[in-house]
Amino acid sequence: MKLYISSDMEGVAGVCAWEQVDARTPHPEYALYREYYTHEVRAAIEGARELGPAEMLVNDSHGPMRNLLFDLLPPDIRVLFGNRKPYSMVQDADSTFDGAFFIGYHGAIGDANAVLCHTYTPSVIHNVHVNGVRCSEATLNAALLGHHGVPLLLVTGDRTTVEGVQRQMPWVEGVIVKESIGTFSADSISPAAAQRAIAAGARRALERRDEMGTFVFEPPIAMEIDLAKVEQADLVEMIPGFERTGARSVRFICDDYPTIFKAFVATFRLGATA
C-alpha cells in the first residue's frame, strides 16, 4: 500500500494565532508549534504503519512549505518541501497512491468557528466555487486526488473543518483536535492527546479503506473565483481561458480538473502580485 499525506499547520492542536504558524517572521511560539505539527504528522504515519502501508510521501503544505522537522520523522519517509509546486498542497498525488490523509487542515475562508480559516491565499481568494460547490482547501485538494482515483481517508483539525469535509465526503474518517471559539481562540486537547487520537484515526481509516469513495467534479467543470481586490481580477482575466464575470470575479471552464487546479494556483500566485 502507498499513502499520500498532505499536512498543514492551522489545524494542529493548540494553534489559534497567525504568529504560531508564521515561518517568515518567526515568533518564539513558531518553533514550538512546528514541533507539535511534526509530531502530529508522525503520529499519522505511525498509526497507519500498524496496518502496513509500505510507502508514504508527505507534502509539507503550509505557508512556505518548509516547516516539518525532518529529523523527527521516520528515517525512510520522503517529504516534498517548497512552495512553488505546480499542484501545491497535492503535488505528485497521482494514481499510484492507495489513499490520502489531510493532517492539520483548517476551514474555508468565511467559515464561522474555524480557527484561522482561509482558502489558500486570503489576501487574494475571497471565495471559490467549483460546479456550484463552495470549496475549502480540502475540497479542492480532494478533487485532484479523486481525479486520479485516490480516496481521501482521514482529515484532522478543528470541528468545523472536519465536519465540513465529512458533509462533502461522508466516508472520511475525522479526528477533531479542538473546538474553535471564533477565528482566534480554541478549546484544544493537549498535543499528546492529539497525537494519540490521530494515530488511532489513521488506523481506523485504513481499516475502513474498502468503504471509502473518491470525490470528483464531473465535466464540464466551472470554477468561479471571487477575488479580494478589483486589481487582482484585472490581472487574472488576462490568463488564457479566464472570463471576467464581475468587478472582482472570474470564471474558468475546462473538462480536465488538473487544468482547473493549475489555473487556480496561477490565480492566487498572480493575484498576489497586484
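The values are calculated or read from the model by the stated rules, or taken from the named source; none is laboratory data. The structure presented is a predicted model; accordingly, all values stated were derived computationally and were not measured. Every residue, glycine as well, gets a Cβ built from its backbone with ideal geometry; the counts of neighbours run over all protein chains shown.
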Residue match in segment 88-107 (condition: charged (D, E, K, R) and either within 26 Å of K178 (Cβ to Cβ) or touching a Ser or Thr at 6+ places or on another chain (Cβ under 6 Å) (or both)): no
Of residues in segment 9-19 being touching a residue at least 12 places away in the same chain (Cβ under 8 Å) and surrounded by fewer than 22 Cβ atoms within 10 Å (Cβ to Cβ), the one nearest to S185 (Cα to Cα): C16
The listed residue being modelled with pLDDT of 95 or more, closer than 16 Å to Y120 by Cβ and not aliphatic (A, V, I, L, M), out of G241, G271: G271
Test: residue in segment 55-70 that is in a helix (DSSP H, G or I) and either touching a His at 6+ places or on another chain (Cβ under 8 Å) or under 20 Å from A192 (Cβ atoms) (or both): no
Qualifying residue in segment 92-115 (condition: at pLDDT 95 or above, part of a strand (DSSP E or B), among the hydroxyl-bearing types (S, T, Y) and within 19 Å of the chain's Cα centre (by Cα)): yes
Flag if E207 is touching a residue at least 24 places away in the same chain (Cβ under 8 Å) and either more than 17 Å from T139 (Cα to Cα) or exposed (fewer than 15 other Cβ atoms within 10 Å of the Cβ) (or both): yes
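Could you say which residue among F81, F70 is in contact with a helix residue (DSSP H, G or I) (Cβ under 9 Å, 6 or more places away or on another chain), among the hydrophobic types (A, V, I, L, M, F, W, C) and within 22 Å of A266 (Cα to Cα)? Give the derivation first.
Values: F70 fails: within 22 Å of A266 (Cα to Cα).
Only one candidate qualifies: F81.
Taking the residues in segment 242-265 that are hydroxyl-bearing (S, T, Y) and in a helix (DSSP H, G or I) as candidates, determine which candidate is surrounded by the fewest Cβ atoms within 10 Å (Cβ to Cβ). Working first, answer last.
Going residue by residue through segment 242-265, those that are hydroxyl-bearing (S, T, Y) are 245, 249, 257, 259.
Subset that is in a helix (DSSP H, G or I): 257, 259.
Details: Y257: 21, T259: 14.
Result: T259.
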Single residue of segment 30-57 satisfying the filter (surrounded by fewer than 21 Cβ atoms within 10 Å (Cβ to Cβ) and in contact with a Lys or Arg (Cβ under 8 Å, 6 or more places away or on another chain)) that is nearest to V155 (Cα to Cα): L57
Filtered residue count, segment 78-91, keeping only those that are at pLDDT 95 or above and either under 20 Å from T156 (Cα atoms) or surrounded by 14 or more Cβ atoms within 10 Å (Cβ to Cβ) (or both): 9
Tally of residues being out of contact with any Ser or Thr (no Cβ under 9 Å at 6 or more places or on another chain) and either assigned by TED's automatic domain parsing to the domain that holds V130 or hydrophobic (A, V, I, L, M, F, W, C) (or both) across segment 225-250: 3
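Going through segment 122-161 one residue at a time, which ones are β-branched (V, I, T), part of a loop (DSSP other than H, G, I, E, B) and surrounded by fewer than 24 Cβ atoms within 10 Å (Cβ to Cβ)? Quick ask: steps written out before the conclusion?
In the first step, residues of segment 122-161 are kept if they are β-branched (V, I, T); the result is 124-125, 128, 130, 133, 139, 150, 155-156, 160-161.
Next, from what is left, pick out any that are part of a loop (DSSP other than H, G, I, E, B): 124, 150.
V124 - this is the single residue of segment 122-161 that is β-branched (V, I, T), part of a loop (DSSP other than H, G, I, E, B) and surrounded by fewer than 24 Cβ atoms within 10 Å (Cβ to Cβ).
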In segment 73-92, the residues that are among the aliphatic types (A, V, I, L, M) and more than 22 Å from V175 (Cα to Cα): I77, V79, L80
Matching residues in segment 166-176 - criterion: being farther than 15 Å from F101 by Cα and touching a helix residue (DSSP H, G or I) at 6+ places or on another chain (Cβ under 7 Å): Q168
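Kindly evaluate A100 against the criterion of being under 26 Å from A197 (Cβ atoms) and surrounded by fewer than 22 Cβ atoms within 10 Å (Cβ to Cβ).
It is false that A100 is under 26 Å from A197 (Cβ atoms) and surrounded by fewer than 22 Cβ atoms within 10 Å (Cβ to Cβ).
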Residue list for segment 227-240, filter: exposed (fewer than 15 other Cβ atoms within 10 Å of the Cβ) and in contact with a helix residue (DSSP H, G or I) (Cβ under 7 Å, 6 or more places away or on another chain): I239
